[in-house]
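Here the structure comes first, spelled out in C-alpha cells, and everything after it is commentary.
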C-alpha cells in the first residue's frame, strides 16, 4: 500500500479570476435584490448572507437593474 493523499483533484478548490461579486451591507438587502426576477437571473450563487456571485457578462445588466430599483451601488475594481 502506498502513502498517497486521499484527496482527489475534484475536491481541490478552484481559483477564479475576474469574477463579479455583489456584496451588500445587510443580508435583507440581498434578499430583496434576489426577489426581483430580472436581478435574480443575473445572480449565479449566494456565497453568504451578504455576498453573491454575479453571472459573467451580467454585471452591467445587474448594475443597471439595481439603479432602476433605486439602489446606489458602489463599484470597486481590483
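As a proxy for reagent exposure, 30, 47, 12 were ordered by neighbouring Cβ count within 10 angstrom, fewest first; the result is 12, 47, 30.
In terms of other Cβ atoms within 10 Å, 49, 77 run from fewest to most in the order 77, 49. Mean residue ellipticity at 222 nm from the helices of the chain, using -39,500 (n - 2.57) per DSSP H segment of n ≥ 4 over the full residue count, to the nearest 500 deg cm²/dmol? After summing the helix terms and dividing by residue count, I get -7500 deg cm²/dmol. Computed on the chain, the Cα convex hull volume stands at 135 Å³ per residue.
Every read-out reported here was derived from the displayed coordinates using simple, explicitly stated rules and does not represent laboratory data. The shown structure was predicted, so the numbers you read here are calculated from the model rather than taken from an experiment. When we count neighbours, we look across all protein chains shown, and the Cβ atoms used for this are built from the backbone with ideal geometry, even at glycine.
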